[in-house]
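*Asks:* Before anything else, here's the structure in question.
Quick note: the coordinates plus some simple rules give every number you see, no bench work behind them. Everything numeric here is computed off the predicted structure, so don't read it as measured data. Virtual Cβ from ideal backbone geometry, glycine too; neighbours counted across all protein chains shown.
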Amino acid sequence: MTTPSTSNGQENTTEATLFVAFALSEKTWKLGFTTGAGQKPRERGMTARHQERMLDAIAQAQRRLGLPETPPVVRCYEAGREGFWLHRFLLAHGITNHVVDSSAIEVRRRQRRAKSDGLDVRKWLSLLSRSHGGERQVWHVVNAPSGEAEAQRHLHRDLEPLKQERGDTTRRSQGVRRSQGVRVTTRSHLPEQRDALRLWDGSPIPPGLRRRLLRVYAQHMFLSQQMAAVEAARRAQLQTSPEARIEQGRQFMQRKGLGINGAWV
């Protein structure tokens with residue numbers, strides 16, 4: 001008697017669960033709904049990032065699929081440009097959600113795969129129901145950080161693109177000067193040297209080339225100022241912040257061979 005009762009309880013739980021999958025793009029979202037294997041998915045499109053419309057679509061799917069008013073809802077979407085704000089929105093409304101690493105899902109390697117939002121939704125629904133049923137190797141779920149933890153990462157993440165952009169201006173300035181044989185004694189005081197700049201044959205540089213060099217120089221200096229501001233803010237946090245993660249960074253910096261960048265990460 002115990003075994004049949006347990007089995008029926010599992011089936012009822014599965015039937016009462018609403019599975020929802022997302023296919024996210026810049027302008028539109030595709031939503032798919034099902035209660036499990038053997039049921040044709042219900043698909044709906046909506047405007048991207050329209051939260052109220054999304055909740056309405058879930059409620060409509062519950063009614064159309066004959067589910068109770070408050071069934072367990074399990075959702076998933078692919079980790080990408082939308083980040084984790086959608087994950088936090090769903091959790092705030094009591095909806096279980098999985099952010100999935102698309103590089104870790106199973107694929108068929110013997111044939112090319114068709115690509116469309118509808119196919120993606122149906123694929124995600126199949127994987128979601130299998131994962132909910134107990135399969136462990138279906139995909140890899142991303143560990144979504146909290147809003148506070150993600151906000152703390154922006155200071156360090158600002159620095160790397162600033163370094164890359166400043167490096168681009170350095171290479172662009174060097175390329176322009178070398179292509180014309182322009183000699184510069186020091187790049188840090190380029191505006192003061194503009195009247196003394198000469199081409200390969202000793203003639204003054206043309207006005208257009210001079211303006212181009214000065215524009216690249218202005219971009220370089222602007223990026224340098226932004227980098228200095230970010231680095232100063234980071235040093236100030238390491239010196240004064242009482243947060244536990246900052247204290248860990250200070251401890252890492254005491255180790256030999258580990259600088260501020262590695263300690264911060």
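*Asks:* Under a plain spin-label model, where a point goes 7 Å from the Cα along Cα-to-Cβ, how far apart in nm are W85 and R211?
*Replies:* 3.9 nm
*Asks:* What ranking of H220, H50 emerges when the number of other C-beta atoms within 10 Å of each C-beta is taken as an exposure proxy, fewest first?
*Replies:* Arranged by neighbour count, lowest to highest, H220, H50 become H50, H220.
*Asks:* Could you please rank L155, L128, placing first whichever residue has the fewest other Cβ atoms within 10 Å of its Cβ?
*Replies:* Ordered from fewest to most neighbouring Cβ atoms within 10 Å, L155, L128 come out as L155, L128.
*Asks:* Cut-off 19 Å, label point 7 angstrom out along Cα-to-Cβ of R255: give me the residues of segment 149-167 whose amide nitrogen falls inside.
*Replies:* Flagged as within label range: none.
*Asks:* If neighbour count is taken as other Cβ atoms inside 10 Å, put W264, W139, W124 in order from fewest to most.
*Replies:* W264, W139, W124
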